[in-house]
Amino acid sequence: MNNTEVVVIGAGQAGLAGAYHLRRSGFEPGRGFVVLDHSPGPGGAWQFRWPSLTYGKVHGMHSLPGMELTGADPARPSSEVVAEYFAAYEQTFDLRVRRPVDVRAVREGAGGRLVVETSAGDWAARALINATGTWDRPFRPRYPGQETFRGRQLHTAQYTGPEEFAGLRVVVVGGGASGTQHLLEIAPYAAATTWVTRRPPVFREGPFDEDAGRAAVALVAERVRRGLPPRSVVSVTGLPLTDAIRQGIADGVLDRQPMFDRITPDGVAWKDGGHVSADVVLWATGFRPALAHLAPLGLREPGGGIRMEGTRVAADPRIHLVGYGPSASTVGANRAGRAAVRDIRRLLAGEPAAA
């Protein structure tokens, strides 16, 4: 059994921000803290993004604390830019991320410690920063007839670029940024595209200032304070009405249709008799928090979520979720990492948690 003060699970934006603030607070790698990451290399979920998502197309990428990301070529794939940046960050601050390490479960241990069971041995810790994000848990809803579809179904997590859809009829499901990006990329290659969403998309005009950002985060934070599953911050901010989006609307590519009622062997159908033939259904339906390893601790509330007080789990102040709910953005992850470490220092010192 390895002993440490704090285990950080995940080395994406939130995990690295937490590790940085631990380092600044005097925790040393090893006995003070350890960062476990199951990915093959630095970059968090960014390393798995499709090649056509260049850095210039990324909305709202904030630098990690203490080290700016500057001079990046906007034409390069974001997966490469961010992976290189994260790798340099880990080295600059000597964070000593251990990878690939799969965390299998977190359980109650002896003496008030948490036991983190992994593919590389077990760690006993006094506190935990969980920064596992959502990439490993893509969400694909179920619809009648799904198993009869003779074409291909894939999720955003499996998307590699528009070329593979050349000459095909593609239905894209989802009203978020990924759905619109997929449509704009695929349309020039595909024989036809159809966009369907559960709710009409909300497009946001003008700048998204700090006040609007705080208001959006507050809506998500209220859900997690009540123990409800979080909605993404993007879901309450709307889609920025960029020049590319405007052109997509004008060209008819972003002509949203209501959600279909069933999937047929050769397409999708609505109750009113409407039908669209399709070779591919692309589910741009988002992700859910990857928290299965925390199940042995019984943290979920009757509402299905984990009740939070800031970054602390209300039911267990040893555990902090960063990059979860209101901190599931690059700027939010930075702030969450700092807040989590502040509270952990108080906990380990035997002081009451901050209000």
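The values are calculated or read from the model by the stated rules, or taken from the named source; none is laboratory data. The model shown is predicted, which means the values in this text are computed figures rather than measured ones. Every residue, glycine as well, gets a Cβ built from its backbone with ideal geometry; the counts of neighbours run over all protein chains shown.
If a residue has to be under 23 Å from residue 16 (Cβ atoms), touching a residue at least 60 places away in the same chain (Cβ under 8 Å) and outside any helix (DSSP H, G or I) to count, how many in region 293-346 make the cut?
11
What is the residue count in region 274-320 for residues that are of a type in the set (A, V, I, L, M, F, W, C) and out of contact with any strand residue (DSSP E or B) (no Cβ under 9 Å at 6 or more places or on another chain)?
Of the residues in region 274-320, 1 are of a type in the set (A, V, I, L, M, F, W, C) and out of contact with any strand residue (DSSP E or B) (no Cβ under 9 Å at 6 or more places or on another chain).
Buried (at least 19 other Cβ atoms within 10 Å of the Cβ), assigned by TED's automatic domain parsing to the domain that holds residue 107, under 20 Å from residue 222 (Cβ atoms) and charged (D, E, K, R): does that describe residue 300?
On the way: buried (at least 19 other Cβ atoms within 10 Å of the Cβ): no; assigned by TED's automatic domain parsing to the domain that holds residue 107: yes; under 20 Å from residue 222 (Cβ atoms): yes; charged (D, E, K, R): yes.
Judged against the criteria, residue 300 is not a match.
Among residues belonging to region 82-128 that are among the acidic types (Asp, Glu) and assigned to a helix (DSSP H, G or I), point out the one that is farthest from residue 12 (Cα to Cα).
Restricting to residues being among the acidic types (Asp, Glu) and assigned to a helix (DSSP H, G or I), the top hit is 84.
Would you please list the contacts, defined by Cβ atoms under 6 Å and residues six or more apart or on different chains, that run from a residue in region 265-290 that is closer than 30 Å to residue 323 by Cα to a residue that is surrounded by 16 or more Cβ atoms within 10 Å (Cβ to Cβ) and among the small types (Gly, Ala, Ser)?
284/174; 284/178; 284/179; 285/174
Scan 253, 322 and give me the residue that is of a type in the set (A, V, I, L, M), in contact with a helix residue (DSSP H, G or I) (Cβ under 6 Å, 6 or more places away or on another chain) and in the same structural domain as residue 8 (by TED's automatic domain parsing). Reasoning before the result, please.
On the way: 253 fails: in the same structural domain as residue 8 (by TED's automatic domain parsing).
Unique residue meeting the criteria: 322.
Name the residues in region 133-168 that are out of contact with any Ser or Thr (no Cβ under 8 Å at 6 or more places or on another chain), closer than 25 Å to residue 271 by Cβ and of a type in the set (Ser, Thr, Tyr), would you?
Result: 143, single match.
Got at least one residue in region 70-81 being outside any helix (DSSP H, G or I) and within 22 Å of residue 287 (Cα to Cα)?
Taking every residue of region 70-81 in turn, at least one turns out to be outside any helix (DSSP H, G or I) and within 22 Å of residue 287 (Cα to Cα).
The conditions are (1) under 22 Å from residue 155 (Cα atoms); (2) without any contact (Cβ under 8 Å) to a residue 12 or more places away in the chain, and residue 256 fails exactly one of them. Which is it?
(2)
Search region 126-152 for residues that are on the phi > 0 side of the Ramachandran plot and pair each with any residue that is crowded, with 16+ Cβ neighbours inside 10 Å and small (Gly, Ala, Ser) when their beta-carbon atoms are under 6 Å apart and the residues are at least 6 apart or on different chains.
Partner pairs satisfying both residue conditions: 133/12; 133/45; 133/323.
Considering only residues of region 15-44 that are crowded, with 21+ Cβ neighbours inside 10 Å, assigned to a helix (DSSP H, G or I) and out of contact with any strand residue (DSSP E or B) (no Cβ under 8 Å at 6 or more places or on another chain), which is modelled with the highest pLDDT?
21
How many residues are crowded, with 22+ Cβ neighbours inside 10 Å and either out of contact with any helix residue (DSSP H, G or I) (no Cβ under 9 Å at 6 or more places or on another chain) or not aliphatic (A, V, I, L, M) (or both) when one looks only at region 331-355? Please lay out each step first, then the result.
Going through region 331-355, the residues crowded, with 22+ Cβ neighbours inside 10 Å turn out to be 332-334, 336-337, 340-341, 344.
Subset that is either out of contact with any helix residue (DSSP H, G or I) (no Cβ under 9 Å at 6 or more places or on another chain) or not aliphatic (A, V, I, L, M) (or both): 332, 334, 337.
Selection size over region 331-355: 3.
So, residue 47, is that one assigned to a helix (DSSP H, G or I), free of Cβ contacts under 8 Å to residues at least 60 places away in the same chain, on the phi < 0 side of the Ramachandran plot and under 19 Å from the mean Cα position of the chain (by Cα) or not? Working first, answer last.
Working: assigned to a helix (DSSP H, G or I): yes; free of Cβ contacts under 8 Å to residues at least 60 places away in the same chain: yes; on the phi < 0 side of the Ramachandran plot: yes; under 19 Å from the mean Cα position of the chain (by Cα): yes.
Yes: the conditions hold for residue 47.
Within region 186-201, restricting attention to residues that are at pLDDT 95 or above and not β-branched (Val, Ile, Thr), which residue is farthest from the chain's Cα centre (by Cα)?
Top of the filtered list is 191.
Considering only residues that are in contact with a Leu (Cβ under 7 Å, 6 or more places away or on another chain), modelled with pLDDT of 75 or more and part of a helix (DSSP H, G or I), look in region 202-252 and name the one that is surrounded by the fewest Cβ atoms within 10 Å (Cβ to Cβ).
It comes out as 244.
Working only within region 1-13, note down all residues that are over 14 Å from residue 319 (Cβ atoms) and not in a loop (DSSP other than H, G, I, E, B).
Across region 1-13, the qualifying residues are 2, 3, 13.
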